[in-house]
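For reference, the structure I am asking about is given below.
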Amino acid sequence: MASVRVDQKRKALVRRVPESFTNALAYYFGSGPTDVEVARAQHQAYIAALEANGVQVHALEADDRHPDCIFVEDQAVVIDGKMLLPHPGHPSRVAEQPPIAEFLMSELEGVQTCRMGGEARMDGGDIIRLGDLFFVGRSSRTNDLGIASLRSLLEDFGHELRVIDIPSHALHLTSISSTPTDSTILVPEGYLSPEAFGELPSGCELLWMPEEEAYGCNTIGLPNGKVLVAKGYPTVHATLRARGLELVEVEMSEIRAADGSLTCCSIFY
Ligand code: GLY
């Protein structure tokens with residue numbers, strides 16, 4: 001999840017790959033996964049990479065009724081000790097939420113939890129955080145009522161929220177951007193205008209990557225200062241290395257086939 005600062009990423013929730021994974025939604029980067037065992041091996045390597053770099057991981061069992069259940073990021077938003085349970089934007093994904101919510105409520109004992117009601121819709125994958133500045137994608141999954149619900153949570157903290165319109169050829173804001181550090185945003189050409197993020201706080205930078213490396217712009221800044229990246233995106237890797245960042249690479253091909261990126265597979269809390 002992209003709603004916690006890098007230094008807050010001590011624990012992560014993930015969910016195992018279901019037998020039904022080949023039926024996962026795939027309309028953007030992916031043409032549909034074909035090999036559940038390969039997806040499981042890649043997912044296990046992802047978990048191992050988090051654990052090897054300072055993150056304590058809890059894995060929920062898969063649910064075969066929900067082909068997209070590994071993409072937990074969309075199901076809960078944890079911000080500075082409060083939790084928003086969004087109404088997910090795709091009807092097939094709504095029933096994935098209860099075990100995730102139950103686990104987080106027991107882990108974060110007494111956490112103040114807001115549930116999105118009415119027609120509000122949001123996927124957690126539409127949120128990124130740059131220090132205490134938040135961005136949300138208005139997308140096919142996240143509507144204005146969902147954004148209003150997030151805004152009201154952030155107002156309690158005094159955090160600013162900026163809205164970015166996601167073009168129809170992208171799923172989520174996190175599908176095309178991430179904050180590998182608390183002062184850096186990666187974003188590909190060909191999706192958003194140069195003004196989309198507005199003026200960034202002093203010391204922060206927007207790094208534009210080639211359009212063909214859009215998938216590689218989704219990264220996870222780890223609590224030990226390294227950055228988890230998908231294998232195969234040389235410009236993204238070179239740009240981060242040039243900033244002195246050490247990379248941890250994982251193969252994501254079979255998860256990408258289901259339109260899933262690195263951040264989609266975890267909720268940090
Ligand atoms: N396959 C991930 C999603 O569409 O939500």
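The values are calculated or read from the model by the stated rules, or taken from the named source; none is laboratory data. Just so we're clear, the structure is a prediction, and the values are computed from it rather than from any experiment. Cβ: placed from backbone, ideal geometry, glycine included. Neighbour counts: every protein chain shown. These area figures cover heavy atoms from the full protein model, side chains too; ligands, DNA and RNA do not enter into them. Shrake-Rupley method; radii C 1.70, N 1.55, O 1.52, S 1.80 Å.
Is it the case that SER193 is open to solvent by 50 Å² or more (accessible area, probe 1.4 Å), farther than 25 Å from PRO234 by Cα and among the hydroxyl-bearing types (Ser, Thr, Tyr)?
On the way: open to solvent by 50 Å² or more (accessible area, probe 1.4 Å): yes; farther than 25 Å from PRO234 by Cα: no; among the hydroxyl-bearing types (Ser, Thr, Tyr): yes.
Against the criterion (open to solvent by 50 Å² or more (accessible area, probe 1.4 Å), farther than 25 Å from PRO234 by Cα and among the hydroxyl-bearing types (Ser, Thr, Tyr)), SER193 does not qualify.
Write out, first by first residue and then by second, each pair whose Cβ atoms fall under 8 Å of each other, whose residues are 6+ apart or on separate chains, and whose first residue, in region 84-101, is farther than 20 Å from VAL14 by Cβ while the second is of a type in the set (Gly, Ala, Ser).
Every condition considered, the pairs that remain are HIS87/GLY117; HIS87/ALA120; HIS87/GLY146; GLY89/SER139; GLY89/SER140; GLY89/GLY146.
Further question: Could you say which residue among ASP126, ASP144, ASP132 is closer than 24 Å to GLN97 by Cα and touching a His at 6+ places or on another chain (Cβ under 6 Å)? Steps first, please.
On the way: ASP144 fails: touching a His at 6+ places or on another chain (Cβ under 6 Å); ASP132 fails: closer than 24 Å to GLN97 by Cα.
It is ASP126.
In region 146-184, what residues are touching a Phe, Trp or Tyr at 6+ places or on another chain (Cβ under 8 Å), part of a loop (DSSP other than H, G, I, E, B) and open to solvent by 50 Å² or more (accessible area, probe 1.4 Å)?
HIS169
If you don't mind, another one. For region 211-269, give me the residue count where each residue is part of a loop (DSSP other than H, G, I, E, B), out of contact with any strand residue (DSSP E or B) (no Cβ under 7 Å at 6 or more places or on another chain) and open to solvent by less than 20 Å² (accessible area, probe 1.4 Å).
5
Scan region 92-139 for residues that are exposed (fewer than 15 other Cβ atoms within 10 Å of the Cβ) and among the small types (Gly, Ala, Ser) and report the count.
Adding up the residues that qualify gives 6.
If you don't mind, there's one more thing I want to ask. State whether one or more residues within region 234-246 are away from the ligand (no atom under 16 Å from the Cβ) and within 12 Å of ASN53 (Cβ to Cβ). Give the steps one after another, and end with the answer.
First, the residues of region 234-246 that are away from the ligand (no atom under 16 Å from the Cβ): 234-246.
So of that shortlist, the ones also within 12 Å of ASN53 (Cβ to Cβ) come out as 246.
Scanning region 234-246, I find at least one residue that is away from the ligand (no atom under 16 Å from the Cβ) and within 12 Å of ASN53 (Cβ to Cβ), so the answer is yes.
Within region 7-52, which residues are open to solvent by less than 20 Å² (accessible area, probe 1.4 Å) and either among the acidic types (Asp, Glu) or in contact with a strand residue (DSSP E or B) (Cβ under 6 Å, 6 or more places away or on another chain) (or both)?
Result: LYS9, ALA12, LEU13, VAL14, ARG15, TYR46, ILE47, ALA49, LEU50.
Just the residues that are away from the ligand (no atom under 14 Å from the Cβ), in contact with a helix residue (DSSP H, G or I) (Cβ under 7 Å, 6 or more places away or on another chain) and in a strand (DSSP E or B), please, taken from region 10-52.
Scanning region 10-52 gives ALA12, LEU13, VAL14.
Same structure, new question: Name every residue in region 121-149 that is touching a strand residue (DSSP E or B) at 6+ places or on another chain (Cβ under 8 Å), more than 16 Å from the ligand (Cβ to nearest atom) and modelled with pLDDT of 95 or more, in order of residue number.
Matches in region 121-149: ILE128, ARG129, LEU130, LEU133, PHE134, PHE135, VAL136, ARG138, ASP144, ILE147, SER149.
Next question, about the same structure. Would you call GLY137 within 16 Å of SER3 (Cβ to Cβ) and assigned to a strand (DSSP E or B)?
Numbers: within 16 Å of SER3 (Cβ to Cβ): yes; assigned to a strand (DSSP E or B): yes.
Considered against the rule, which asks whether it is within 16 Å of SER3 (Cβ to Cβ) and assigned to a strand (DSSP E or B), GLY137 comes out as yes.
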